[in-house]
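The values are calculated or read from the model by the stated rules, or taken from the named source; none is laboratory data. Since we're looking at a predicted model, the values are computed, not measured. Neighbour counts run over all protein chains shown; Cβ positions are idealised from the backbone, glycine included. Only protein heavy atoms, including side chains, enter the accessible area calculation; ligands, DNA and RNA are left aside. Shrake-Rupley method; radii C 1.70, N 1.55, O 1.52, S 1.80 Å.
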Amino acid sequence: MKVLIVDDEPFICESIKADLNRMEHPWTYEAFTAQSVAMARKLYYSEEPEFVITDINMPGGSGLILVSEIHKHNPDCALLVLSAYDNFEYVRNAFMMGAWDYLLKPIAFLEFKKCVERLMEKMSADKKLFLQVKMTENAHKNNVFQMKDVVDYMEQHLGEKLNASEMASKMAVSYSSFGKQFREYKGMSFSAYLLWRRMERAKDYLANTHMKIKQVASKVGYRENPQHFSRDFTRQTGISPKEYRAQMFQERQEKWGNETGE
């Protein structure tokens with residue numbers, strides 16, 4: 001990790017650099033030092049460090065100006081402000097300008113170490129979250145289904161073979177995870193929803209077309225076993241496909257008669 005250390009006293013810069021190197025944790029640092037805001041600005045834009053440690057009071061400009069500029073340029077850059085003054089206004093202004101933390105000089109090593117460790121853990125967590133978000137976005141771009149896509153796909157392919165394993169694969173999740181997500185999304189299991197949608201589509205065909213019942217069965221996914229269609233339809237609706245078609249025809253006739261006054 002690149003770190004920029006800014007203090008008008010070279011000894012303090014080197015001391016902080018040495019403290020970073022002797023911290024016992026897995027992170028390693030490439031440290032740069034600057035003794036003025038102008039020098040720090042040049043180093044920041046040339047090296048683009050992820051972590052900046054800066055004093056407030058320095059000849060030629062305030063460290064808070066640097067903090068504000070860096071935060072506007074890159075809100076993800078970690079900014080640690082140092083000061084020899086325990087001044088509430090300094091602290092408040094530092095945080096308002098984007099500082100992550102504020103430490104008093106002279107810096108106690110253990111306090112500095114704990115501060116850096118908290119910061120590194122936060123940055124690691126932020127990076128992990130960012131990668132997870134990018135992976136999700138990339139998965140979607142690469143045609144990995146979301147649950148809405150699954151339901152839309154089912155609607156467009158009711159006449160074909162559909163199973164939960166295939167849908168889980170399209171979502172890039174496990175079979176059990178898919179089943180749980182589907183139930184939460186639609187309020188019923190995948191198989192129950194699939195059967196319901198097939199029967200609703202069959203009702204539409206029976207009521208509004210002259211297709212034979214065997215053809216209707218094929219249209220809603222019973223191409224290989226049309227005999228199962230009548231069984232499932234009857235279980236779902238309480239009447240056979242033939243009875244349903246006759247019922248719809250009768251209701252249409254009665255409605256037509258009422259409209260014509262006969």
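Odds and ends about this structure:
- Members of region 2-17 found to be over 18 Å from Lys42 (Cα atoms) and open to solvent by less than 50 Å² (accessible area, probe 1.4 Å), listed by number: Ile12, Ser15, Ile16
- Residue in region 57-71 that is in contact (Cβ under 8 Å) with a residue 40 or more places away in the chain, open to solvent by 30 Å² or more (accessible area, probe 1.4 Å) and within 16 Å of Met120 (Cα to Cα) present: no
- Qualifying residue in region 54-67 (condition: β-branched (Val, Ile, Thr), more than 30 Å from the chain's Cα centre (by Cα) and in a strand (DSSP E or B)): yes
- Test result for Leu131, within 30 Å of Pro75 (Cα to Cα), open to solvent by 70 Å² or more (accessible area, probe 1.4 Å), at pLDDT 90 or above and not acidic (Asp, Glu): no
- In the set (1) within 35 Å of the chain's Cα centre (by Cα); (2) free of Cβ contacts under 8 Å to residues at least 60 places away in the same chain, the condition left unmet by Ala207 is number (1).
- Test for Ala202: is it buried (at least 17 other Cβ atoms within 10 Å of the Cβ) and either within 25 Å of Ser240 (Cβ to Cβ) or touching an Asp or Glu at 6+ places or on another chain (Cβ under 9 Å) (or both): yes
- Residue list for region 87-126, filter: in contact (Cβ under 8 Å) with a residue 40 or more places away in the chain and open to solvent by less than 20 Å² (accessible area, probe 1.4 Å): Phe112, Val116, Leu119, Met120
- Whichever residue in region 79-112 is of a type in the set (Val, Ile, Thr) and more than 16 Å from Met23 (Cβ to Cβ) and, among such residues, is farthest from the chain's Cα centre (by Cα): Val91
- The conditions of being open to solvent by 30 Å² or more (accessible area, probe 1.4 Å) and modelled with pLDDT of 85 or more are met by Ala84.
- When the helices (runs of 4 or more DSSP H) confined to region 170-262 are screened for residues that are more than 30 Å from Phe145 (Cα to Cα), those reaching at least 1 such residues are found at 190-208, 213-219, 227-237, 241-260.
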